[in-house]
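The values are calculated or read from the model by the stated rules, or taken from the named source; none is laboratory data. These numbers were taken from a predicted model, which means no experiment stands behind them. We place every Cβ from the backbone using ideal geometry, glycine too, and count neighbours over all the protein chains shown. SASA here: full protein model, heavy atoms, side chains in, ligands and nucleic acids out. Shrake-Rupley method; radii C 1.70, N 1.55, O 1.52, S 1.80 Å.
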Amino acid sequence: MISDPFSFRDLQNLAFEHGFPLFGIVDAQDAPRFDQFTEWLDRGYAGDMAYLANRKEAYRHPRGVLPSVRSLIMLGMPYSPAMSQRKIGEPRSTVAAGLGEVAAYASGSRDYHDVIHDRLKKMIHALRLKQPNLEARGIVDSAPLHERDFALLAGLGWIGKNTLLLNRNHGSYFFLASILVDAELPQSDSPPLSTDHCGTCTACLDACPTQAFVQPYVLDATRCISYLTIEYRETFSDELADKTGNHVFGCDVCQQVCPWNRMARPTPEAELESTDANRLLDLIQILGMDDVAFRERFRKTPMWRTKRVGMIRNAMITLANQHCLDATPAIRSHLTSPNAILRDTASWAMDKLTSVMHARD
């Protein structure tokens, strides 16, 4: 056991020192909701995220990530909340025409993967100073691990109706991370939460612009704005394009209306604090970016994931939804794009803007 060199309190303090106020330890075991996960995949709710189904069996147990794993250190690091908290029933937020909203988690000055991986490496180094032969692996949402399930078991919070992990003190505005180790670690005396604390509230379900929640605790990703603007690589349907609103990368609506997020506070991590440049994007500028310009602007941010074609597609949809006539020349230039997705989206956007112009005449 590693409990001789490290007590639970030592490990907790190590987590706190590296910016993780949410902390817990759990034994390696089968993911408790693996069956629900496979059913979710079978119902097609993962959309084009084939990497989930391709690695399905690896999600069954943490040994799919680290074969020798015996314990998981579960961690949470807060990020800046969305621009504003909404009251239940309040209209959707508006931004100036020509600007697109970015989900809060992606609006920091540095990619959260890089920030958190740096901290995990330092924590693992500290563990190995005490136990040099320790086998360990740090994870930030890129490995086949049901992080929410194990965070729940470790006492970090409960899973809300919007499928996000919720914590009494931090709401849902925090990243999950974990360190898998091949040693038995001392666990907390605090049991996992036996119930959620959402009660009868359905604010997140009711507020979703695209009605992506099939039922409480079940998300159809194919209708989720975050999936559409980040993971989806094709042309939007007219219906979903209309409902995307001002969201150019991700969506925070189900978090903004959640009463528990009234507890969320600005992050103490400077690199995860929202910046003006990354919170609202200049959409017309994006339409004129070539590959080099896109790389320079977004390479070190989470927005790199959507790639240039995806971001230009999203920008055209947002500009059309805003009835931004100033964007007409920039959108028109993509009607002859060599990329079919950009041609189709530009055609849809021009039809929408043309209707606006005719209505104003």
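Scanning region 225-244 for residues that are buried (at least 18 other Cβ atoms within 10 Å of the Cβ), assigned to a helix (DSSP H, G or I) and out of contact with any helix residue (DSSP H, G or I) (no Cβ under 7 Å at 6 or more places or on another chain) yields ILE225, SER226, LYS243. In region 27-72, the residue that is nearest to the chain's Cα centre (by Cα) out of those that are among the acidic types (Asp, Glu) and either over 23 Å from LEU153 (Cα atoms) or open to solvent by less than 80 Å² (accessible area, probe 1.4 Å) (or both) is ASP48.
Residues in region 153-170 that are open to solvent by 40 Å² or more (accessible area, probe 1.4 Å) and either modelled with pLDDT of 95 or more or of a type in the set (Lys, Arg) (or both): 2 in all.
Identify, please: which residue in region 73-85 is surrounded by 16 or more Cβ atoms within 10 Å (Cβ to Cβ) and out of contact with any Lys or Arg (no Cβ under 8 Å at 6 or more places or on another chain) and is, among those, nearest to ASN133 (Cα to Cα)?
Applying the filter and picking the extreme gives ILE73.
Annotation: MET316 fulfils all but one of (1) under 25 Å from ALA207 (Cα atoms); (2) touching a residue at least 60 places away in the same chain (Cβ under 8 Å); (3) buried (at least 23 other Cβ atoms within 10 Å of the Cβ); the unmet one is (2). Residue count for region 159-185 satisfying the condition of being within 17 Å of ARG137 (Cβ to Cβ) and assigned to a loop (DSSP other than H, G, I, E, B): 4.
Might you let me know whether region 126-137 holds any residue that is under 15 Å from the mean Cα position of the chain (by Cα), farther than 30 Å from PRO209 by Cβ and not β-branched (Val, Ile, Thr)? No, the conditions are met nowhere in region 126-137. All of (1) out of contact with any Leu (no Cβ under 9 Å at 6 or more places or on another chain); (2) open to solvent by 20 Å² or more (accessible area, probe 1.4 Å) hold for PHE298 with one exception: (2).
So which of LEU281, LEU319 is assigned to a helix (DSSP H, G or I), under 18 Å from GLY245 (Cα atoms) and either in contact with a strand residue (DSSP E or B) (Cβ under 8 Å, 6 or more places away or on another chain) or of a type outside the set (S, T, N, Q) (or both)? Walk me through how you get there before you give the answer.
On the way: LEU281 fails: assigned to a helix (DSSP H, G or I).
One residue alone meets the criteria, LEU319.
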